[in-house]
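The next block holds one structure in the form of structure tokens; read it before the comments.
The values are calculated or read from the model by the stated rules, or taken from the named source; none is laboratory data. As the structure is a prediction and not an experimental result, all values here were calculated from the model. Virtual Cβ from ideal backbone geometry, glycine too; neighbours counted across all protein chains shown.
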Amino acid sequence: MVLGAAAFSPVFAQTSDQAEAEQLEEIVVTGIRGSLQRAMDIKRDSQGVVDAISAEDIGKMPDTNLAESLQRITGVSIDRERGEGSKVTVRGFGPDFNLVTLNGRQMPTASGLGRSFDFANLAAESVSGVEVYKSGKANVSTGGIGSTLNIKTTRPLESPGLAATVGIKGVHDTSTEEGSGLTPEISGLFSNTFADDTIGVSLSASRQERDSGAATASVGGWRTFPGEVDGCWCTANPSEWGGIPPEGDPNQVNRPGAGDLYSVPQTIGYELAEYSRVRTNGQLTLQWQPTDTIRTTLDYTYSEVEVERSYNNMSAWFNFGGQETLWTDGPQATPLIYAENSSGADFSMGAGRDATRTENNSLGFNVTWDATDSLSLGFDYHDSTAETTPNSPFGDSALLSIAAFTRDKTTGNFNNDLPSLELELSNPLSPDDMQITGSVFTNNVSKMDIDQSKFFGTFDFQGGAGPIESIDFGIEMTEVNNRSAGSVVQRDAWSNTNTAVGDIADLMQPMSIAGRFDNVDGGSNLVQTDFYGFDMVQLINRFNDLVEAGDASYGPMNGLGDCGTPLCSSSNFTSDRRTTEESTAAYVQLNMATELAGMPTKLNVGLRHEQTDVSSSALVPSYTGVTWFGGNEFTAVQGADSDFTSLDGDYKVLLPNIDLSVSVTDDLVARASWSKTISRPNYGDIQGGVTINNPLRVDGGTGSRGNPALKPLESENTDLSVEWYYDDASYASIGYFHKNVKNFIGTDFISEQTFDLAHPANSPMYAEAVAAGNTDPGDIFNYILTNYPSAEGVDAVNGVITGIAGRDSATDFTLTVPTNVETAVVDGWEFNVQHTFGESGFGVIANATIVDADVGYDNFSRETQFVITGLSDSANLIGFYDKNGIQVRLAYNWRDDFLAGTGQDNVGVGPTYVAAYGQWDMNASYEITENATVFLEALNITDETTHVYGRDKMQTLFAAQGGPRYAIGARYKF
């Protein structure tokens, strides 16, 4: 791992004398210590706040996953998927607020309605380094108020000569029960220069297969109520569905009361999943330097990731009747025991498959020209795409459920992180009791394309303009096209279908969760461990056979997929959101050097102006009118066709930056930076479509739409730091950062006559009925049917009244619209120590980040709240040894509890916290010869588990156990 700083300014052509001198300087020691030294020098000479990780040797990053390398930088935390680093949070700002570039070019993401980048899509072997820009710079693409992360790849003319490496690895993931015990990975990198180092070629490729598994438990949301709310309409207290019986009920022990909040669980479920992932990466770079002053680069980068998940699960849904409870003390009361008596409820089980394919393509061209001794010019262009598509005939996600309707009493024990489910069944668990119930098949696609051009240059004053050394300038044009589309085929047959006994008994396979949660708190307390699993495809075939045989109990057959039944996905998209962002930016940056009270001082002043035009459209259904069936129930009738609606917006921003560094002594550097940066709204917020909700009411309806006119989030950043470089490859630093962010997105309400739908309540007949003394909508409805049975739009026989355009005015809709309304201040401290113990080979790196904000989630509020998610303290401790061909690194990474979201499944509003997590990783290598190395890696050595919770740590939402992962392999360098 390497911490340091760098800038991705263009690399210009050099004279042969310069190149020869630099080649002599670059005969340096590889490995941990050498790369730390180089990175420390870069950090010391940098302007602004820029940390980095650099490869220890060609094709050898410190970790095999880029996100796991990045988490070792102060201020950077990661999210994990399937036990592997995936997305990054920087200084408390999550993945959507960080921009990722490849060699300075903005990279597309395939996250659909968001902007987050998944680092697991790129293999580390082709990466030479990653830079993290924490403060703004005029010549860096906009989009990250947390940071801009630049991934650097090999450029052959920057390292002339032959360099090649090949690596093989076998990965053993202890979490899988069904996958291969050892999966292969192979990688290679070749780089060479020809024709007196004027032509360069580099090629890298890797392919990794990995099988993994996970045992997870979940509670499908916690419904929260004031302590005085009952679940019984027999008292004077307010009552709501989901509440518990009133005080005095003998089955409620330590019942919460006035002034408390209490929460009840919606479901308890367990899942056993198996994952299979294949990742293929490749990059080809061609460089040509026809003269000493011109250099051209053509490069192509490709990645493909195929992920498949197959799983079996079991669950029980609480219906909120016949409760028996034991509670913790308030004011935030959580049930230690929650039980329900509900005869004949379902004991649900399911099986499913998820399968996606994510493909990234990037083609780029770059040319630099030293026009004069003082003026350098350049042009860079790339066309890059990222696309995620289903990789299965069943869509990207498929679930088929079965159930036995034998559940008489359901008890949940919530004393530990892992909830324990206990069932009292009317019959012992039997395959003969299993029935096919509901199903869900989704077909989602997302694609982003970026077309970006940049003209840039540097004018070097060569000492002729006083303190001004040089001026950087440029123009950048970017077009981003993002699409997210999908469909859902759902068979809502979750209740008792009364299908024939034994129809599917022969397909049932006994399964158990016993022993699968032994490392999770409470894993030894499980009661209901047995259930039935099945092969989803086999059961689909059985379903189709039963339907063909005429068994009507397997209906309804509405909402058919492409296969003609409800048990497959549909290519007929019901949602389709498309957004185009066109940005034009111009920047200038002055680079100055002088002395301040005898201390060498560098000052950089930059200004970037950017204009963005947004055009967004979305597929929305057409509506034929509004019908009234009685009472206060009005329905917007959906037509057979759909169409796109479009909305537009634009904004301009002016982004200055000032970076000051002072060499107080030869070993002490003080820095101060001030800048403005932006992050753009997520695509879900700027979608162009309008969605309305049924039913409507007398006074109109409700709905929502996006807002392409949203402004970007703007952050005013201040950074102060001191760095002490006290020895070779050793330094200590402390930094303070302050971010004042405005334009966070909240909600507003507007009134529109969306779709111009004539409303029956706006008719003259309705007004006459009111004038006749009728006030209740039901009475008004009957008045119209009686007095105007033959009027247009009135069907007195069937009891339906329809609005008529031209006679009845249009329906008013109150639409929820995203709007820029919130501000927040985030600040924190970063501490870092890097120390090498002389020539012993030993060293240590320790860093910590403390971050805070002036907004936080109030666990005692049941209202929608504005809050920044992802904020948490973090720390890293790394010990290493690098000497005599032996390298060993032991790392501990820790992240404190953090708020991950403000919603919960099934219940809507409610916090989702991720508990503190720490993980030990180790890698070791031995250099058999100068060219051959063998290595061993171990991740999550102590088998740490994941815990997600709600308003209280006892309100578990999710708990998971994976397992350690080991790898053994060899590298050969030519």
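Results, tabulated for the structure shown:
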quantity	calculated
Subset of the stretch 731-760 (residues that are in contact with a Gly (Cβ under 8 Å, 6 or more places away or on another chain) and either surrounded by 17 or more Cβ atoms within 10 Å (Cβ to Cβ) or of a type in the set (V, I, T) (or both))	F737, T754, L757, A758, H759, P760
Subset of the stretch 884-900 [hydrophobic (A, V, I, L, M, F, W, C) and over 16 Å from V88 (Cβ atoms)]	I886, V888, L890, A891, L899
Hits in the stretch 882-916 - residues which are assigned to a strand (DSSP E or B) and within 18 Å of the chain's Cα centre (by Cα)	R895, F898, L899, A900, G901, T902, G903, Q904, P911, T912, Y913, V914
Answer from T148, T89, T101, T109 - the residue that is out of contact with any Leu (no Cβ under 8 Å at 6 or more places or on another chain) and either in a strand (DSSP E or B) or basic (K, R) (or both)	T89
Any hit, the stretch 536-559, residues being aliphatic (A, V, I, L, M), part of a loop (DSSP other than H, G, I, E, B), within 32 Å of the chain's Cα centre (by Cα) and at pLDDT 90 or above	no
Residues of the stretch 822-850 that turn out to be closer than 17 Å to K43 by Cβ, touching a residue at least 40 places away in the same chain (Cβ under 8 Å) and of a type outside the set (V, I, T), as a count	7
Failed item in (1) aliphatic (A, V, I, L, M); (2) under 22 Å from R705 (Cα atoms); (3) surrounded by 20 or more Cβ atoms within 10 Å (Cβ to Cβ), with L619 passing the rest	(3)
Any hit, the stretch 426-434, residues being more than 23 Å from F573 (Cβ to Cβ) and assigned to a strand (DSSP E or B)	no
Subset tally (residues that are closer than 23 Å to G269 by Cβ and either out of contact with any strand residue (DSSP E or B) (no Cβ under 7 Å at 6 or more places or on another chain) or among the aromatic types (F, W, Y) (or both)) for the stretch 293-326	4
Filtered residues of the stretch 222-245 (kept if of a type in the set (F, W, Y), surrounded by fewer than 13 Cβ atoms within 10 Å (Cβ to Cβ) and closer than 20 Å to V909 by Cβ)	W241
Enumeration of residues in the stretch 919-974 that are surrounded by fewer than 18 Cβ atoms within 10 Å (Cβ to Cβ), of a type in the set (S, T, Y), touching a strand residue (DSSP E or B) at 6+ places or on another chain (Cβ under 7 Å) and more than 30 Å from E271 (Cα to Cα)	Y926, Y972
Every pair of residues 6+ apart whose Cβ atoms lie under 6 Å, when the first sits in the stretch 149-167 and is β-branched (V, I, T) while the second is not in a strand (DSSP E or B)	T153/S126; T165/I58; T165/G59
Count - residues of the stretch 333-369 that are within 30 Å of the chain's Cα centre (by Cα) and over 30 Å from P290 (Cα atoms)	14
Members of the stretch 758-796 that are charged (D, E, K, R) and either in contact with a His (Cβ under 8 Å, 6 or more places away or on another chain) or part of a helix (DSSP H, G or I) (or both)	E768, D779
Check on S69, part of a helix (DSSP H, G or I), crowded, with 24+ Cβ neighbours inside 10 Å and of a type in the set (S, T, N, Q)	yes
Matching residues, the stretch 223-239, being in contact with a Pro (Cβ under 6 Å, 6 or more places away or on another chain) and either in a strand (DSSP E or B) or of a type in the set (V, I, T) (or both)	V229, D230, T235
Residues of the stretch 926-959 that turn out to be assigned to a strand (DSSP E or B) and touching a Gly at 6+ places or on another chain (Cβ under 9 Å), as a count	12
Flag if D719 is surrounded by 17 or more Cβ atoms within 10 Å (Cβ to Cβ), modelled with pLDDT of 95 or more, charged (D, E, K, R) and more than 30 Å from the chain's Cα centre (by Cα)	no
Filter result for the condition that a residue is closer than 18 Å to L619 by Cβ and surrounded by fewer than 21 Cβ atoms within 10 Å (Cβ to Cβ), over D650, D641, D666	D641
Set S202, S180, S175: member being more than 24 Å from the chain's Cα centre (by Cα) and buried (at least 20 other Cβ atoms within 10 Å of the Cβ)	S202
Flag for Y587 being out of contact with any Lys or Arg (no Cβ under 6 Å at 6 or more places or on another chain) and either of a type in the set (D, E, K, R) or assigned to a strand (DSSP E or B) (or both)	no
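Rundown of residues vs (1) part of a strand (DSSP E or B); (2) under 26 Å from H382 (Cβ atoms); (3) of a type outside the set (S, T, Y), yes/no style:
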site	(1), (2), (3)
G259	no, no, yes
G269	yes, no, yes
Q283	yes, yes, yes
W288	yes, yes, yes
N312	yes, no, yes
L326	yes, no, yes
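Yes or no, residue by residue, for (1) in contact (Cβ under 8 Å) with a residue 12 or more places away in the chain; (2) surrounded by fewer than 15 Cβ atoms within 10 Å (Cβ to Cβ); (3) outside any strand (DSSP E or B); (4) touching a Phe, Trp or Tyr at 6+ places or on another chain (Cβ under 6 Å):
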residue	(1), (2), (3), (4)
N820	yes, no, no, no
D852	yes, yes, no, no
Y857	yes, no, yes, no
F860	yes, yes, yes, no
S872	yes, no, yes, yes
